[in-house]
Every structure is written in C-alpha cells, then in structure tokens.
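See structure below.
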Amino acid sequence: MDDFRADTRAWLDANCPPGARRPGQVPWGSSRIELDPDTRLWLERMAERGWTVPTWPREYGGAELTRGEYTVLIEELKRIGARTPLTGRGVNYIGPTILELGTDDQKQRWLPGIARGEGGWAMGYSEPGAGSDLASLSLRAVRQGDHYVLNGRKIWTSDAMESDYIFVLARTDPDLPKHQGISLILVDMDQPGVQVRPIRLISGASPFNETLFEDAVASASDVIGGVNRGWTAGKRLLQFERSTHAGINISGSQGGRASESRLPEQVKRRVPLRDGRIADPVLRARLIRHEQNVHAQRLTQRRTIEELQARAPGFASSAVKLTGALNQQEADELLVSALGTRGVGWEGDGYTADEIEATRDWLRQKSLTIAGGTKEVQLNIVAKRVLGLPD
Ligand SMILES: Cc1cc2nc3c(=O)[nH]c(=O)nc-3n(C[C@H](O)[C@H](O)[C@H](O)COP(=O)(O)OP(=O)(O)OC[C@H]3O[C@@H](n4cnc5c(N)ncnc54)[C@H](O)[C@@H]3O)c2cc1C
C-alpha cells in the first residue's frame, strides 16, 4: 500500500492542475455547460487513468482499485485540496446500476462514456401523481418494433434543462399489478419528443423542471434490468442515490455531506465569547451535541462502507442519508440562530454575502429531507427493512 500511496502522490503532484486544487466547478458530464481549461484537463487526465470511477472494472473506464487503494486515493486528493474530477447522476446513480444489472452490451455501450463524463443525466422518477407512492407512476412506454414510444410527464427533474440523457421509470404493462409492469429506460433528451419546462422557484432560480414526453423514442435495447422489472432496478438505483447523499457510495462519491464541520468556527466568529468560549451556555450545549452527531455520522459512514462488500449498501443507505440530512439541517439552524436578526437576510445591501448565504442555505437545505425520498419514507424503510418491524 505504501508503494501505491507514493505512486499516487507523485502522479497527482505532476498532473493535478493548479485550478483544480481549490473549490470550484465540478463537472457532471453535461455537454451544455462549458468547463474552464483546468477543470477539463483534470477530468481528461483522471478519466484516462480510470480515476473518475476508481473502483469500476478497467474495461468500462475504471481502475479496479480495491477499497483500501480507493481510500488512499481519496486521502491523497484531499491532501492537495484537489476537486472531485466528475460527479453526478451518471457516475453515481445510473452508472453503478448498469454495472450491476445491465447486459454486457449495455455496459459496453454506456459505461465508458459515463466514466469520461460524456453527457449529463437527469432522473425521471417523480410524476404529479407519483412521489412517495412512486409505483403509481403513469408515464407510458409502448413497444413498437425495436424501440419504445413514451408519452407522459415527469416533474421535479433536477437539471433537466442541461442534461443530455434521462433515465425514466415508465409503465410498460398497465395490466400487471402496479409494482410490476414498470421498466427503467434510458432516453436521449436531444429529440423533439422531449420537452423541458423550468419550474421557477421563489428565489428566481429554476433548478427543477417538468419534463414532457410526447411520442419520444428510446431504443428497446436500453431497458435496464429487464422489461417489467423496473421496480427492482429503480429501487436499486435509489439505493445508489441515497448512498451518494449519505457519503457511503465508494464508487463515486468522496466523503459526503456533513462529514466535515466548519460550524464551530463560523458560530464563534458571530457570537459573544467569554474566556475564548461561546458565552451563551444553551448555544454552546447545542453546538457540542451537534458536533457529537457529526462525529457519530462520520464513524457510521466509515463503518457502513467497511461492513459491506457491495458497491453500495442496501437499506442502511436510507438511515445514513437521513441522519446526514438531519445533521446538515441542524447545522444550518444553529448558524442562523447564532446570527440572530442577521440570519434572516434574503437580499439587499443591509446584509453581508455570508449572511445571505446562511439564510438561503437554511431554507434550501429543508429539501434534503424531501429529495431522494422523504424523511417519512426513509423512516418507513428503516423500520421495515433494517429493524424488521411489522408492516
Ligand atoms: C431538491 C429536490 C430535487 C429533486 N429532484 C428530483 C429529480 O431529479 N427527479 C425526480 O424524479 N424527482 C426529484 N425530486 C422529487 C422527490 O423525489 C419527491 O419530491 C419526493 O419523492 C416526495 O414526493 P412528493 O413531492 O410527491 O410528496 P408526497 O409523496 O406527496 O408526500 C407528501 C408528504 O406526505 C408524506 N408521506 C407520503 N407517503 C407517506 C407514507 N407512506 N408514510 C408517511 N408519510 C408519507 C411525505 O413524507 C411528505 O411529507 C426532487 C425533490 C427535491 C426536493
């Protein structure tokens, strides 16, 4: 392992461009977003070495790193402050799903491009009448010769306006019980049958969309996990998504949410101190409890990765996703409390950029217990599948 560390360190020192050694743009594959030269160079070099998806097989663009080697790579990247070279639904959600459930032909056709970041992916699961009760989805896919024709509507499709492809859960057999008759299908978004309508938020931003399918076509060879078996494939993909949110998906993510806390320093800069400590004992106690939670989360992430041989943990991903989200929301609450009246600034000259960011983060992160399955849905999964409680 010492040799691997030394080689990795030398290679990173020689190949990681200065512009990729600080916070900044992390590509997710979208061909519609221009990358700055250092970011592009970093992506190309890492992809060539198989390090955009370090644990994937070589033939699909990975480097076949063991878990131990992967950990060393992450440590060495952190040591020089290097950014993740590639992220998103390609390497983190649909890629691992194809790797696990795809046919050889599908793996050959899709995975190397995903590993090189050639195309950004959107996720077409939710519909106006199917959120938590996802199996009620009605987007229809009808087989015609060697392709499927899709009609229907998806909602809350994050980043769809900048995506090249979308993976959708579609109803391929309406006569079967609702959890059956669903298929997971890959669709090229660059076609007249796919229309994206941005949903404008109160902030003025439009990260979400409604995505309409009107006689859109998809190749019949792009059904992942088998026709009418999309419920199983789709749930597996959700575990990859939740593992990514939770920071326990070793194939693509690097540490995850709430794994590093800058909160004590941020709070200390904002509130009265006595003898170098936060003067308010209640705030101090809340902060200490939060730091304990963050530490426990970090240990749980590590233990979950260690315990499981699979590329993504199963139902445990729901528990770790949820606790990570709750920790993040607690951190945002604490910072806003520490800011007092300065913590309610939305815009305008009366507030600093930091204060406005704190308010906006606090509000935005409320979505962490909705996206990827709500808090109640995760608690249901933990109760039934992890703790084995009766239905
Ligand atoms: C930031 C963000 C990004 C998203 N990105 C995408 C995306 O890219 N693609 C995509 O397909 N979707 C996306 N979504 C949608 C997300 O998956 C849904 O919002 C989520 O699954 C909840 O569905 P819903 O909004 O229809 O709420 P509902 O399912 O209507 O839930 C409403 C409330 O009822 C509760 N509830 C529902 N059923 C139960 C139950 N059985 N037991 C207890 N309580 C229950 C829920 O917990 C919730 O509080 C995104 C959402 C957010 C917030």
**Among Ile185, Ile381, Ile248, residue whose mean-square fluctuation peaks in a GNM of the chain (springs only between Cα atoms under 10 Å)** = Ile381
**Item:** Rounded to 10°, Cα long-axis angle of helix 316-339 versus longest principal axis of the chain
**Value:** 40
**Fill in**
Classified through the alpha carbon gyration tensor (a ≥ b ≥ c as square roots of its eigenvalues; rounded if a/c is under 1.5, else prolate when a/b is larger than b/c, else oblate), region 2-94 comes out oblate
**Message:** Quick check: convex hull over the Cα atoms of region 121-228, volume per residue in Å³, rounded to an integer?
**Reply:** 92
**Prompt:** In percent, what relative contact order does region 1-107 have, based on Cα pairs under 8 Å that are 6 or more apart in sequence?
**Reply:** 31
**Message:** Between 0 and 90 degrees, rounded to the nearest ten: what's the tilt of helix 67-79 against the longest Cα principal axis of the chain?
**Reply:** 50
**Request:** Between Ala170, Ala220, Ala115, find the one with the highest GNM mean-square fluctuation for the chain; connect C-alpha pairs within less than 10 Å.
**Result:** Ala220
**Asked** For the chain, what number results from the quotient of the Cα radius of gyration and 2.2 N^0.38 Å?
**Response** 1.04
**region 260-304 - charge dipole about Cα centre, Lys and Arg +1 at Cβ, Asp and Glu -1, debye rounded to 20** = 60
**Fill in**
Out of Ser337, Thr359, Ser138 - ranked by how far each Cα lies towards the positive end of the dipole of the chain, with unit charges on the beta-carbon of charged residues - the top one is Ser337
**Prompt:** Under the rule of -39500 (n - 2.57) per DSSP H run of 4 or more residues, summed and divided by the residues of the chain, what mean residue ellipticity at 222 nm is obtained, to the nearest 500 deg cm²/dmol?
**Reply:** -12500 deg cm²/dmol
**Item:** Degrees, to the nearest 10: 104-115 long Cα axis against longest axis of the chain
**Value:** 30
**Asked** What is the extension gain from Arg269 to Ala6, computed as 0.36 nm multiplied by their sequence separation minus the C-alpha to C-alpha distance, in nm to one decimal?
**Response** 90.8 nm
**Message:** I need to check one value: relative contact order of the chain, counting alpha carbon pairs closer than 8 Å and at least 6 residues apart, in percent.
**Reply:** 12
**Complete:** Quick note on Leu308, Leu387, ordering by fewest other C-beta atoms within 10 Å, gives Leu387, Leu308
**Request:** Springs between alpha-carbon atoms under 10 Å, Gaussian network over the chain: tell me which of Gly90, Gly61, Gly276 tops the mean-square fluctuations.
**Result:** Gly276
**Request:** List Ser138, Ser163 from most exposed to least, where exposure is judged by having the fewest other Cβ atoms within 10 Å.
**Result:** Ser138, Ser163
**Asked** Ranking Val320, Val168, Val267 by Cβ neighbours within 10 Å, fewest first, what do you get?
**Response** Val267, Val320, Val168
**Request:** With +1 on each Lys and Arg Cβ and -1 on each Asp and Glu Cβ, and nothing else charged, work out how big the dipole of the chain is about its Cα centre, in Debye to the nearest 20.
**Result:** 1160
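Quick note: the coordinates plus some simple rules give every number you see, no bench work behind them. These figures come from a predicted structure and were not determined experimentally. Every residue, glycine among them, receives a Cβ derived from its backbone with ideal geometry; neighbour counts consider all protein chains shown.
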